[in-house]
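Before any comments, here is the structure.
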Amino acid sequence: MVEQVVPAVGPGDTPPADTAARERAALAAVARTTLDGNWEHDHTVPSRTLYPHQWSWDSAFIAIGWAHLRPERAWAELTSLFDAQWRDGRVPHIVFNPVVADDAYFPGPAFWATTSVAGTPRTVTSGLVQPPVHALAAWHAYRRAPSEPARAALGRLYPRLVAQQHYLSNHRDVGGAGLASIVHPWESGLDNSPAWDEPLAAVPAEAAVLRAYRRRDIVHAAAAHRPTDLDYARYVAIVTAYRAAGYRDEQLADRHPFLVECPLFNAAMGAAESALAHIAQEIGADPGPHRQRAAAITTALVDRLYDPTTGTFHARDLRTGRLTPARTVLGLTPLILPDLPTAQVEAILVEAGSPRFGLAARMTRPLPSHDRTAVDFEPLRYWRGPSWMNINWLVRYGLLTHGHPRLAAGLGASMIELAATAGCHEYFHPDTGAGLGSPAFSWTAALLLDLLAEM
Ligand code: 9WN
């Protein structure tokens, strides 16, 4: 595809006249530098230090950013990810770059050992998946920079996106109610969320297991911000169980130690069908079945994961059959479903606008990842309090989808302000706004570009 460079903000090289525009141009330049610095021949690493390979849902968000700068990279990003799709349709959550040392990230390629499994690509990948936000991202990227080559790329991606949905709805519907189960906290993308505390506590493991391995995350990030050793021991135990079964999904209910229906994962799966309906229409395929599946997933999500007594969505632990009690930001994300009934939209707005999350038309800080008023709210620890740009982007997208532009503008302004003050960090202190984790994080940069272009 021909290289096409699109200015992120403003009409080219002429410096914008007023200060605000100059600041936005400077911010866009930081985002562009971040993405350029993390570009790696056919994909973008989330972070050069912490995450030196390709991650699935990161690539989806990153493609949205590239659509503003170099649309051909948006399509290369998604294409390289889907080139690693397994024969059963699963899109692996990590695609390992073979030239990076095995111990640069834990667990590395040797641990996953996927190449000996039938139906896997030549490249080593993980055997897990992540929230299927790719169809939504592909459609968004296309609308940001439509062109003939982009339509052709979208057309090539379409059957792969459909296969991804097919995998999730046919292999992962462990609960039998039309929702997909995640088999590991890493599949949620919000790995360390309090939503997983109960199901994770039931996974047998001892921190001593980790003596056989070397965690790399705490070499690059503060241990106090990261999951604990016991959490990691359980993460390893769950992968070990799945790997021992050849990453197969038959009889998961009888043998797998962690099975959860996650609100975000399933909202993404439903939103993917709505996006696929748009894509199908654009490329001359039939949007009807996608619309039907989107409606069915939305209904199942409300039936299974909405709790009328708390007024928000929770994760369901299939081992106990119970909803997990934590009120996390995951509960707000079904807003991305265009067919979400008004009662649940209203309930989410109440929850989001409460002191738990602080959504308002004028707000200082974006949404935290966990309920600010909860006793286990931890402003520094991974997914247990800090703010993330991708989750805020999704909720903002949901607010626009359901006709709340003032709230979306308030949230968007707080996100831009955060990045303007702290830079393109991986996550942010939910009160002070200080940048945390990796300082040059790709999806923060990518989604910032998207916001700057839109607002
Ligand atoms: C495990 C890459 C990924 C994100 C996840 C985030 C973190 C990995 C880790 O980094 O997860 O997949 O090592 O902690 O939680 O959302 O995709 O940025």
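Checked against the criteria, R143 counts as modelled with pLDDT of 95 or more, under 28 Å from F441 (Cα atoms) and away from the ligand (no atom under 16 Å from the Cβ). Pairs needed: first member in the stretch 341-366, farther than 17 Å from S387 by Cα; second member anywhere, of a type in the set (D, E, K, R); C-beta distance under 6 Å; at least 6 residues apart or different chains. Within 6 Å, the pairs are A361/R406.
So which residues in the stretch 414-455 are of a type in the set (G, A, S) and in a helix (DSSP H, G or I), if there are any at all?
Of all residues in the stretch 414-455, those of a type in the set (G, A, S) come to 414, 419-420, 422-423, 433-435, 437-438, 440, 442, 445-446, 453.
Scanning the stretch 414-455 gives S414, A419, A420, A422, S442, A445, A446, A453.
Taking D173, is it out of contact with any Phe, Trp or Tyr (no Cβ under 6 Å at 6 or more places or on another chain), acidic (D, E) and part of a helix (DSSP H, G or I)? Give the derivation first.
Details: out of contact with any Phe, Trp or Tyr (no Cβ under 6 Å at 6 or more places or on another chain): yes; acidic (D, E): yes; part of a helix (DSSP H, G or I): no.
No, not satisfied.
For the stretch 28-45, filtering for residues that are crowded, with 24+ Cβ neighbours inside 10 Å and in contact with an Asp or Glu (Cβ under 8 Å, 6 or more places away or on another chain) leaves 2.
Rundown of residues vs (1) more than 19 Å from the chain's Cα centre (by Cα); (2) crowded, with 19+ Cβ neighbours inside 10 Å, yes/no style:
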site: A413; (1), (2): yes, no
site: L418; (1), (2): yes, yes
site: A434; (1), (2): yes, no
site: P439; (1), (2): no, no
site: W443; (1), (2): no, yes
site: D450; (1), (2): no, yes
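Within the stretch 337-355, none of the residues are at positive phi and either over 21 Å from the mean Cα position of the chain (by Cα) or not in a strand (DSSP E or B) (or both). Close contacts from the stretch 225-250, counting a first residue that is of a type in the set (D, E, K, R) and a second that is within 15 Å of the ligand (Cβ to nearest atom), with Cβ to Cβ under 6 Å and a gap of 6+ residues or different chains, come to R226/D217; R226/I218; R226/Y382; D229/L210; R234/L200.
Considering (1) within 14 Å of the ligand (Cβ to nearest atom); (2) buried (at least 22 other Cβ atoms within 10 Å of the Cβ); (3) part of a loop (DSSP other than H, G, I, E, B), the lone condition that D191 does not fulfil carries the number (2). Count of the stretch 143-158 residues, restricted to those that are among the polar types (S, T, N, Q) and closer than 12 Å to R70 by Cα, is 0.
Here is a check on your reading of the model: is L400 within 16 Å of the ligand (Cβ to nearest atom) and surrounded by fewer than 19 Cβ atoms within 10 Å (Cβ to Cβ)?
On the way: within 16 Å of the ligand (Cβ to nearest atom): no; surrounded by fewer than 19 Cβ atoms within 10 Å (Cβ to Cβ): yes.
So L400 fails the test.
Please work out which residue is farthest from the ligand (Cβ to nearest atom), limiting yourself to the stretch 194-227 and to residues that are among the basic types (K, R) and in contact with an Asp or Glu (Cβ under 8 Å, 6 or more places away or on another chain). Don't jump to the end; show me each part of the working.
Restricting attention to the stretch 194-227, the residues satisfying the condition of being among the basic types (K, R) are 211, 214-216, 226.
Those still in the list that are in contact with an Asp or Glu (Cβ under 8 Å, 6 or more places away or on another chain) too: 214-216, 226.
Working: R214: 14, R215: 9, R216: 8, R226: 8 Å.
Here the residue is R214.
From the list L301, L276, L264, pick out the single residue that is closer than 25 Å to S147 by Cα and touching a helix residue (DSSP H, G or I) at 6+ places or on another chain (Cβ under 6 Å). Before you say what the answer is, go through the steps one by one.
Working: L301 fails: closer than 25 Å to S147 by Cα; L264 fails: closer than 25 Å to S147 by Cα.
L276 is the lone residue from the list that is closer than 25 Å to S147 by Cα and touching a helix residue (DSSP H, G or I) at 6+ places or on another chain (Cβ under 6 Å).
Among the residues of the stretch 43-59, the ones that are at pLDDT 95 or above, within 10 Å of the ligand (Cβ to nearest atom) and either out of contact with any strand residue (DSSP E or B) (no Cβ under 9 Å at 6 or more places or on another chain) or of a type in the set (D, E, K, R) (or both) come to 3 in all.
The values are calculated or read from the model by the stated rules, or taken from the named source; none is laboratory data. The structure presented is a predicted model; accordingly, all values stated were derived computationally and were not measured. Methodologically, a virtual Cβ is constructed for each residue, glycine included, from the backbone with ideal geometry; neighbour enumeration extends over all protein chains shown.
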